[in-house]
Amino acid sequence: KKNVYILYTVLFVAIWSIITLPFFLRGNSLIGAADSFNQSFPVFVYIGNYIRELLKGNFMQFDFRLGLGDDVLETLNVHGFGDITQILSAFISPEKAETAYEFIVASKFYLSGIAFLIYSKTYLQNICYRAAGALVYALSVFTMFWGLNCWMFLNPIITLPLILYGIDQILLKPRKLSCI
């Protein structure tokens with residue numbers, strides 16, 4: 001059963017390399033000119049600084065650098081502050097933030113396919129079909145458009161198959177009936 005994860009990983013790396021190669025050949029990055037440049041990347045850097053300040057003991061609740069001044073936690077939660085991948089931003093230097101951001105984007109696409117593999121194991125036994133389905137799910141036009149625009153939009157793409165898998169496990173689990 002682990003062969004499907006190896007097959008998926010090899011195919012994902014190959015296809016992801018083909019998709020992103022034109023960006024890097026032109027000297028561009030995965031940070032686009034729209035929301036990812038104006039919102040996602042600056043928030044990624046801001047969260048890194050915010051977590052570093054939290055570790056020093058400085059807890060800031062309001063900041064005028066957010067819009068015209070706003071509540072920090074509420075604003076950052078909209079941009080994925082509770083996401084585990086944000087922790088990476090605290091342990092990198094600001095000079096490496098672009099590379100870390102691109103790594104997180106790529107890993108989120110990869111993890112969305114892994115989540116699909118977990119969900120599909122109940123319904124598909126052929127590893128080729130499962131790997132193909134995971135690649136289509138992870139690298140579809142919808143996920144590419146929204147994921148490269150704002151990487152936090154990939155969180156539901158990752159969690160949906162896991163939620164459905166959990167629901168299936170609850171509903172398909174045999175239960176003992178008891179009269180109490």
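SER140: among the polar types (S, T, N, Q) and under 16 Å from the mean Cα position of the chain (by Cα), yes or no? Reasoning before the result, please.
Numbers: among the polar types (S, T, N, Q): yes; under 16 Å from the mean Cα position of the chain (by Cα): yes.
Against the criterion (among the polar types (S, T, N, Q) and under 16 Å from the mean Cα position of the chain (by Cα)), SER140 qualifies.
Of all residues in the stretch 100-123, which are hydroxyl-bearing (Ser, Thr, Tyr) and open to solvent by 60 Å² or more (accessible area, probe 1.4 Å)? It would help to see each step written out before you state the result.
Residues of the stretch 100-123 hydroxyl-bearing (Ser, Thr, Tyr): 101, 107, 110, 112, 119-120, 122-123.
Selection gives TYR110, TYR123.
Conditions first: (1) touching a strand residue (DSSP E or B) at 6+ places or on another chain (Cβ under 9 Å); (2) of a type in the set (S, T, N, Q); (3) at pLDDT below 80. GLN61 passes all but one, so which condition is the exception?
All conditions are met except number (3).
Evaluate the stretch 92-99: report whether one residue or more is more than 13 Å from ILE158 (Cα to Cα), open to solvent by less than 50 Å² (accessible area, probe 1.4 Å) and of a type outside the set (A, V, I, L, M).
Within the stretch 92-99, the first condition is being more than 13 Å from ILE158 (Cα to Cα), and the residues that meet it are 92-99.
Now drop any that are not open to solvent by less than 50 Å² (accessible area, probe 1.4 Å), which leaves 92-93, 97.
Then drop every residue that is not of a type outside the set (A, V, I, L, M), which leaves 93.
Yes.
Pick out the one residue from TYR165, TYR137 that is farther than 21 Å from GLU102 by Cα and in contact (Cβ under 8 Å) with a residue 24 or more places away in the chain. Spell out the reasoning first.
Working: TYR137 fails: farther than 21 Å from GLU102 by Cα.
Matching residue, one of TYR165, TYR137: TYR165.
State which residue pairs qualify: first residue farther than 16 Å from SER120 by Cβ and free of Cβ contacts under 8 Å to residues at least 12 places away in the same chain and inside the stretch 1-24, second residue hydroxyl-bearing (Ser, Thr, Tyr) and exposed (fewer than 10 other Cβ atoms within 10 Å of the Cβ) in any location, beta carbons under 9 Å apart, and separation of 6 or more residues or different chains.
The qualifying pairs do not exist here.
Pairs needed: first member in the stretch 67-91, modelled with pLDDT of 75 or more; second member anywhere, not in a helix (DSSP H, G or I); C-beta distance under 7 Å; at least 6 residues apart or different chains.
From the stretch 67-91, the pairs are VAL72/MET60; VAL72/GLN61; VAL72/PHE62; VAL72/ASP63; VAL72/LEU66; GLN86/GLY80.
The values are calculated or read from the model by the stated rules, or taken from the named source; none is laboratory data. These numbers were taken from a predicted model, which means no experiment stands behind them. FYI the Cβ positions are ideal-geometry reconstructions off the backbone, even for glycines, and counts take in every protein chain you see. Just so you know, the surface numbers come from the protein's heavy atoms only, side chains and all, with ligands and any DNA or RNA stripped out. Shrake-Rupley method; radii C 1.70, N 1.55, O 1.52, S 1.80 Å.
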